[in-house]
Amino acid sequence: MRKIQIGIMGSAADLNYDKDAEKFAKKLGELIAKSGNILFYGAEKGYSSLSTIAAIEAKKNGGITVGVTGGKDKEAYGDFRPDIVIPCGLEIGGGREFTLVLSCDVIIAISGGSGTLTEMAIAYQAGIPIITVSNFSGWAGKLSNSFMDDRKRVKCIEATTPEEALNKALESVNV
């Protein structure tokens with residue numbers, strides 16, 4: 001049985017997410033590592049994000065991290081380097097999100113602005129399960145326990161703890 005590819009989507013640092021969201025992302029990264037599965041995230045070069053925080057924590061706990069970068073760049077934020085870097089050749093906000101999301105078996109969205117909303121919409125269109133953390137402001141909370149449109153393709157499954165988010169993510173995947 002192959003490892004589950006879990007995408008973490010969430011607010012960038014310029015959205016000034018609160019410390020509780022940061023703690024949530026750290027714990028989720030740790031749990032993904034300990035579960036033996038793989039954490040995928042959008043590896044930004046110029047700023048941190050809740051996704052980056054989860055990836056850093058996963059790697060600290062022996063997990064495998066995969067960062068999808070924009071353009072041809074293989075750099076990530078700060079001194080952190082994911083285990084695998086996928087430079088998708090597409091820009092952030094201009095297609096990189098497709099490579100990131102379609103590489104995942106399931107995504108977990110924490111808070112989130114327009115980038116996270118884009119990633120959630122791609123997952124929705126592709127039929128990829130979406131776990132939404134409802135504790136914080138942003139698109140994840142707004143879309144928890146709902147469908148993104150009247151087609152009702154994929155319901156955004158609400159979670160309120162890192163443990164619940166991971167458990168629901170693993171339950172939603174058929175591999």
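The values are calculated or read from the model by the stated rules, or taken from the named source; none is laboratory data. Please read these numbers as outputs of a predicted model, since none were measured by experiment. A quick note on method: Cβ atoms are made from the backbone with ideal geometry, for glycine too, and the neighbour counts reach across all protein chains shown.
Here are a few things to note about the model shown:
- Residue satisfying all of: in the range 100-115; under 13 Å from the mean Cα position of the chain (by Cα) and part of a helix (DSSP H, G or I); surrounded by the fewest Cβ atoms within 10 Å (Cβ to Cβ) among these: Leu102
- Taking the listed residues Ala76, Ala54, the one that is at pLDDT 95 or above and either more than 25 Å from Asn174 (Cβ to Cβ) or part of a helix (DSSP H, G or I) (or both) is Ala54, with no other qualifying.
- The numbered conditions (1) within 16 Å of Ala140 (Cα to Cα); (2) free of Cβ contacts under 8 Å to residues at least 60 places away in the same chain are all true for Lys45 except (1).
- Taken together, Gly67, Gly89, Gly71, Gly62 contain a single residue that is closer than 27 Å to Gly138 by Cα, surrounded by fewer than 17 Cβ atoms within 10 Å (Cβ to Cβ) and not hydrophobic (A, V, I, L, M, F, W, C), which is Gly71.
- When Thr118 is tested against the conditions (1) modelled with pLDDT of 95 or more; (2) within 16 Å of the chain's Cα centre (by Cα); (3) loosely packed, with under 14 Cβ neighbours inside 10 Å, the lone failure is (3).
- Only one entry in Leu90, Leu28 is at pLDDT 85 or above and touching a helix residue (DSSP H, G or I) at 6+ places or on another chain (Cβ under 6 Å), namely Leu28.
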